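Worksheet: the structure to be examined is printed underneath.
Just so it is clear, none of the values below were taken in a lab; they were calculated from the coordinates. Keep in mind that what you see is a predicted model, and the values were worked out from it rather than measured. Here the Cβ is made from the backbone with ideal geometry for all residues, glycine too, and neighbour counts use every protein chain on show.
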Amino acid sequence: MIELSVNHLLGIKYITEEDIQLIFETADHFKEVIQRPIKKVPSLRDITIANLFFENSTRTRLSFELAEKRLSADIINFSAGSSSVKKGESLVDTVNNILSMKVDMVVMRHPNPGAGVFLSKHINASIINAGDGAHEHPTQALLDCYSIRERLGDVAGKNVVIVGDILHSRVALSNIFALQKLGATVKVCGPKTLMPRYIESLGVQFEPNLIKALNWCDVANMLRVQNERMDISYFPSTREYTQQFGLNKKILDSLDKEIIVMHPGPINRGVEITSDVADSKQAIILDQVQNGVAVRMAVLYLLASKIKRNDS
């Protein structure tokens with residue numbers, strides 16, 4: 001049987017192109033399951049999953065929970081805001097306490113980059129990184145690439161521009177790794193102050209002009225400005241950001257070809273994209289949400305099948 005080359009999903013940089021294709025093929029199957037009248041399968045009936053969210057999340061947490069329920073897993077939900085972490089308990093102690101309840105997999109979001117990697121070395125459970133600081137968000141990149149593949153037939157050979165706050169974005173970094181592994185060309189666009197210094201060392205070009213970037217690309221992934229991660233002001237005002245890097249219907253209609261527009265959510269309507277763009281037929285934002293469940297089902301299923309084989 002073909003299986004993943006890894007026991008955890010810690011970041012896109014740790015997996016191969018073959019792993020990504022296997023996840024996509026498995027997600028195709030689960031997407032068909034989700035369309036049925038009865039949307040559940042018993043694939044993970046004997047697997048217990050702990051969802052550990054040390055940072056706020058709505059869409060990712062709900063998407064993982066729904067994926068787990070569709071696969072019939074047992075679920076423990078843990079939110080750090082109402083836990084012993086607030087009393088000073090360490091990450092390893094928190095997780096070991098949860099593991100003593102015989103948990104097979106941990107889905108974790110944490111504010112510190114590398115938290116998932118650290119944990120994978122200390123505990124005996126399969127870890128899925130649901131976002132670690134401004135580092136990686138692998139399932140978001142997988143569902144984004146899956147959505148491009150679904151709409152355009154393939155990711156290879158496509159031009160993708162990621163627009164906005166690259167500096168604070170784990171979505172951007174994971175997307176860059178995944179798109180390049182699948183053969184796409186990536187550019188970034190946004191205020192120079194929101195570009196990491198190392199960006200060109202990743203084989204990514206910086207394009208400061210939004211119109212040029214949009215005329216070059218097949219896909220524009222519009223990121224949210226992450227005000228909650230900013231301790232200083234990176235641009236003069238939201239209004240000025242929108243004038244230079246916001247996407248509206250007038251700009252979209254003026255391009256010499258039809259591009260597709262993506263957004264990882266939550267959208268600041270009127271800032272990075274206007275409502276008429278978000279709700280247009282060129283936007284695949286709701287497809288991304290739906291595909292997120294199928295892709296996360298695929299990741300959970302493939303990692304769980306490795307656990308079951310190791311146990312048997």
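Screening the chain for whole DSSP H helices with an alpha carbon extent of at least 27 angstrom along the helix axis and a mean Kyte-Doolittle hydropathy of at least 0.0 yields 285-311.
An ellipsoid equivalent to segment 138-285, defined through the eigenvalues of its Cα gyration tensor, has semi-axes of 21, 19, 14 Å when rounded to whole angstrom and sorted largest first.
Pick out, in residue order, every one of the trypsin sites (Lys or Arg not before Pro) in segment 244-283 that is DSSP loop and has at most 12 other C-beta atoms within 10 Å; say none if there are none. Show your work: numbers first, answer last.
Working: sites: LYS249, LYS250, LYS257, ARG269, LYS281; in loops: LYS257, LYS281.
Taking segment 244-283 and a limit of 12 other Cβ atoms within 10 Å, the loop trypsin sites (Lys or Arg not before Pro) found are LYS257, LYS281.
At a threshold of 8 angstrom on Cα-Cα distance, excluding pairs fewer than six apart, so keeping six or more, what relative contact order does the chain reach in percent? It comes to 20 percent, rounded to a whole number. Among residues other than LEU214 whose Cβ falls under 15 Å from its Cβ, what is the net charge (Lys/Arg +1, Asp/Glu -1)? Residues near LEU214 contribute 0 overall. In a simple Cβ point-charge model (Lys, Arg +1; Asp, Glu -1; nothing else charged), segment 148-260 has a dipole of about 60 debye relative to its Cα centre. For segment 161-215, the list of chymotrypsin sites (Phe, Trp or Tyr not before Pro) that fall in a loop by DSSP and count at most 16 other C-beta atoms within 10 angstrom reads TYR198.
Each part reduced to its alpha carbon centroid, segment 50-76 and segment 104-151 end up 13 Å apart. With the largest listed first and rounded to whole Å, the semi-axes of the equivalent ellipsoid of segment 1-67 from the Cα gyration tensor are 21, 20, 13.
Its DSSP H runs of at least 4 residues, each contributing -39,500 (n - 2.57), put the calculated 222 nm mean residue ellipticity of the chain at -12000 deg cm²/dmol, to the nearest 500. About the centre of its Cα atoms, segment 143-213 shows a dipole size close to 60 debye [charges on the beta carbon of Lys, Arg (+1) and Asp, Glu (-1) only; nearest 20 debye]. Between the residues PRO266, ASN175, GLY164, the greatest Cα displacement towards the positive end of the dipole of segment 138-285, with unit charges on the Cβ of Lys, Arg, Asp and Glu, is found for ASN175. DSSP beta bridges confined to the chain are antiparallel in about 5 percent of cases. Its Cα centre serving as origin, the chain has a Cβ charge dipole (Lys and Arg +1, Asp and Glu -1) of approximately 400 debye.
Restriction of the chymotrypsin sites (Phe, Trp or Tyr not before Pro) in segment 1-41 to DSSP coil positions whose beta-carbon has at most 12 other beta-carbons within 10 angstrom yields no sites. Spatial offset of segment 188-227 relative to segment 1-36 amounts to 28 Å, using the alpha carbon center of each.
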